[in-house]
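The values are calculated or read from the model by the stated rules, or taken from the named source; none is laboratory data. A quick note: this is a predicted structure, and the numbers were derived from the prediction, not measured. Reconstructed Cβ throughout: ideal geometry from the backbone, glycine too, with neighbour counts over all protein chains shown. Ligands, DNA and RNA are stripped out before the accessible areas are found, and what is left, the full protein with its side chains, is counted by its heavy atoms. Shrake-Rupley method; radii C 1.70, N 1.55, O 1.52, S 1.80 Å.
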Amino acid sequence: MEERTNIREVQFPNAVLLPEVVRMLDEGHSVTLRLRGFSMRPFLENNRDKALLKKAGEVKVGDAVLAEIEKGKYVLHRIVKIEGEDITLLGDGNLRTEHCKTGDIRASVEGFYRKGKEKLDRTDGKKWRAYSFIWMKLRPLRRYLLAFYRRIWIPLFGVI
């Protein structure tokens, strides 16, 4: 006999949800989290894409991580600089950096489920590494690229 599992999606405020996600990661589970916010635009979108998180191990520049930047405030951003215990983070859609300590990294992103697809875009795959390399090199131009995306691309074509 076939067993059916009903999956129900429930939304909670980040202040409630993310500490529970961290607890589950600390217990050794992986967690798939629907993304909320616009800080990882233009490639990851609010309430469309999902991140597969795992307990953070050793991190390096370019890694996407879930970090607690102040008590109860979490961000899912890319590491752009590591100096000892000091970590500098930047969302792909942001112009300003944020900071935390190595111990504040709560999870590493194993990959993303984008545009409703069931196939994981792994962060250690060629596609993600190429995108990351190019986007990080374009940092001085991001202001203009993001303005174009928000003001022209989205009104004409919608979200990618």
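What to note about this one:
Residue-wise test of (1) crowded, with 17+ Cβ neighbours inside 10 Å; (2) acidic (Asp, Glu); (3) over 16 Å from Asn14 (Cβ atoms).
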{"residue": "Asn46", "(1), (2), (3)": "no, no, no"}
{"residue": "Val61", "(1), (2), (3)": "no, no, yes"}
{"residue": "Val65", "(1), (2), (3)": "yes, no, no"}
{"residue": "Gly93", "(1), (2), (3)": "yes, no, yes"}
{"residue": "His99", "(1), (2), (3)": "no, no, yes"}
{"residue": "Ile105", "(1), (2), (3)": "yes, no, yes"}
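- Of all residues in the range 15-38, those being of a type in the set (Gly, Ala, Ser) and modelled with pLDDT of 90 or more number 2.
- Considering (1) surrounded by fewer than 15 Cβ atoms within 10 Å (Cβ to Cβ); (2) on the phi < 0 side of the Ramachandran plot; (3) assigned to a loop (DSSP other than H, G, I, E, B); (4) more than 10 Å from the chain's Cα centre (by Cα), the lone condition that Gly28 does not fulfil carries the number (2).
- Considering the conditions (1) closer than 15 Å to Arg48 by Cβ; (2) open to solvent by less than 40 Å² (accessible area, probe 1.4 Å), Ser132 is excluded by exactly one of them, (1).
- Residues in the range 48-59 that are over 29 Å from Trp153 (Cα atoms), open to solvent by less than 70 Å² (accessible area, probe 1.4 Å) and not aliphatic (A, V, I, L, M): Gly57 alone.
- Residue list for the range 92-109, restricted to those being in a loop (DSSP other than H, G, I, E, B) and in contact with a Ser or Thr (Cβ under 8 Å, 6 or more places away or on another chain): Asp92, Gly93, Asn94, Thr97
Every residue, every condition in (1) at pLDDT 90 or above; (2) closer than 29 Å to Arg23 by Cα; (3) of a type outside the set (A, V, I, L, M, F, W, C), yes or no:
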site	(1), (2), (3)
Tyr74	yes, yes, yes
Glu85	yes, yes, yes
Arg139	no, no, yes
Phe148	yes, no, no
Val159	no, no, no
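- Looking across the range 109-125, the residues that are of a type in the set (D, E, K, R) and surrounded by fewer than 15 Cβ atoms within 10 Å (Cβ to Cβ) come down to Lys115, Lys117, Glu118, Lys119, Asp124.
- Answer residue from the range 67-91, given it is on the phi < 0 side of the Ramachandran plot and outside any strand (DSSP E or B) and is least open to solvent (accessible area, probe 1.4 Å) among those: Gly91
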